[in-house]
């Protein structure tokens, strides 16, 4: 059994303080277990023994001296391989960056380690975070620990899988259109996309800068909230990080949702697998019984979100991925003799199919003659989708909805149909476009025993209400 | 067809991608499917809607500016450490100007 089985951030802390185990012992056991179990899922791309043991020993030394060991003291955790770790290989699951060693740490990584968090390793994902199934990794797909013939979701599939597999207690993922919430729901754990700007993007490899978020995975709302607390807040290295103060998230976890108005958007229940719909509606009933007021609402532009998203995100991606040109980032085509060949052949050999598709679509929608018709149009529709939420939040404090129209699908099932793959993100993309906080909480399983996720969305910077609703549901459901 | 193979080659040129012949045909097919779905946006009249480029919040005008103070930059060795070919602390690329 995993040395992390049943452990939470809080129970690790008390275990350390009561001297039941040391951070170093827990780190060693976790690394050994992760190494033995990883071949089943391929969730870790790199294990970082040296770095993990160093942090763990620092935590033990602080405890020995009677100092505060930090909010994440001794907690074995994992970081998605699009988030930079100084001196520790960061591949973005791309052949292009197979040997890339970052010269600096992401701000979120610095904050984790300052709080005593022990980085066990870097997790597999879709190449440059582009995908919904983790099948676009240059290092092979990740298998869902709940059902090994199925995908873990994507793009943060590895970060969800390690928590579900008990090879990490919590992890960091990144979300651009659903890449935290969807894998959390597929693997039966909790995943949080905070408000855009709540967590610094410094050191997060840019995919679509106006949509990229870093966010936490955990088994419980409390663990996810504690992790967000550590990484949230203004960072002078990211001009889009928000100056708004970070409230004490765990103070809201009191189980009280009496009088909280929760909106149920009818547009999110069309075309839903019946099992998924049943689980979500059962969760809504639990919230109603706890005293929440359930209100029917409308988000009328939902059906346009995917089209708008795939214009905005690919346009930004085509610009962001221009830097991988054979000059600065580890790989250059051996066949290239001229400058133009170096650019073109390095990129053709280095990028996988999905990255190429998105670079191409992005370059197309930004090109002369198409900019207004596609790119500006999509930005106007993004505004309409954001207004839908603003208007809904005049009536309600939170919105609940499904995370994905269906549970984890089989590996290979959608891989040859990009549009079908894109459509699986229909319920998560809206919140991403608006930049509001949203999360996925486990809400039972289908008849095939596959996890279903309940999505909770709130106003900008109101993570507190989101966590309150999630925690109250979690307590009542268990 | 929303996009022809000829247009795919033009866009690949813009994006600095050397697509192989088999990739061009597949890319034309995939982009065509995606662009057909994207056509859905034309159902909406957006003539009176402002484009939204970024999520914006109320804040002081200087809220995003950091203090202007000296700090240690990335060293030259660190900056070029990941480059495939370097020379004397510089990135080295194929010759672009003929003598």
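Computed from the coordinates by the stated procedures, all read-outs in this text should not be read as laboratory data. For clarity, every value in this text was computed on a predicted model and none was experimentally measured. Cβ placement follows ideal geometry from the backbone for every residue including glycine, while neighbour counts extend to all protein chains displayed.
Per-structure values
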read-out	value
Candidate set: the stretch A:403-414, residues that are crowded, with 18+ Cβ neighbours inside 10 Å and out of contact with any helix residue (DSSP H, G or I) (no Cβ under 6 Å at 6 or more places or on another chain); chosen: the one farthest from residue A:278 (Cα to Cα)	A:411
Count of the stretch A:372-398 residues which are in contact with a helix residue (DSSP H, G or I) (Cβ under 6 Å, 6 or more places away or on another chain) and either closer than 15 Å to residue A:296 by Cα or away from chain B (no Cβ under 12 Å) (or both)	3
Residue list for the stretch A:334-371, restricted to those being more than 9 Å from chain B (Cβ to nearest Cβ) and touching a helix residue (DSSP H, G or I) at 6+ places or on another chain (Cβ under 6 Å)	A:335, A:350, A:352, A:355, A:358
Some residue of the stretch A:438-460 being assigned to a loop (DSSP other than H, G, I, E, B) and within 16 Å of the chain's Cα centre (by Cα)	no
Residue match in the stretch A:409-423 (condition: within 23 Å of residue A:378 (Cα to Cα), in contact with a strand residue (DSSP E or B) (Cβ under 7 Å, 6 or more places away or on another chain) and either in a strand (DSSP E or B) or touching a residue at least 24 places away in the same chain (Cβ under 8 Å) (or both))	no
Pairs where the first residue, in the stretch A:334-359, is more than 30 Å from residue A:421 (Cα to Cα) and the second is assigned to a helix (DSSP H, G or I), C-beta under 6 Å, 6+ apart	A:335/A:345; A:336/A:342; A:336/A:345
Test: residue in the stretch B:74-89 that is surrounded by 10 or more Cβ atoms within 10 Å (Cβ to Cβ), at the interface with chain A (Cβ under 8 Å from one of its Cβ atoms) and closer than 28 Å to residue A:197 by Cα	yes
The lone exception for residue A:405 - which of (1) part of a loop (DSSP other than H, G, I, E, B); (2) more than 19 Å from the chain's Cα centre (by Cα) it fails	(2)
Residue A:264 vs. criteria surrounded by 16 or more Cβ atoms within 10 Å (Cβ to Cβ) and in a strand (DSSP E or B)	yes
Count of the stretch B:20-47 residues which are facing chain A (nearest Cβ under 9 Å) and free of Cβ contacts under 8 Å to residues at least 24 places away in the same chain	16
Among the candidates A:142, A:120, residue that is surrounded by 24 or more Cβ atoms within 10 Å (Cβ to Cβ), under 24 Å from residue A:188 (Cα atoms) and out of contact with any strand residue (DSSP E or B) (no Cβ under 7 Å at 6 or more places or on another chain)	A:142
Extreme residue, farthest from the other protein chains (Cβ to nearest Cβ), among residues of the stretch B:1-19 that are part of a helix (DSSP H, G or I) and touching a helix residue (DSSP H, G or I) at 6+ places or on another chain (Cβ under 6 Å)	B:5
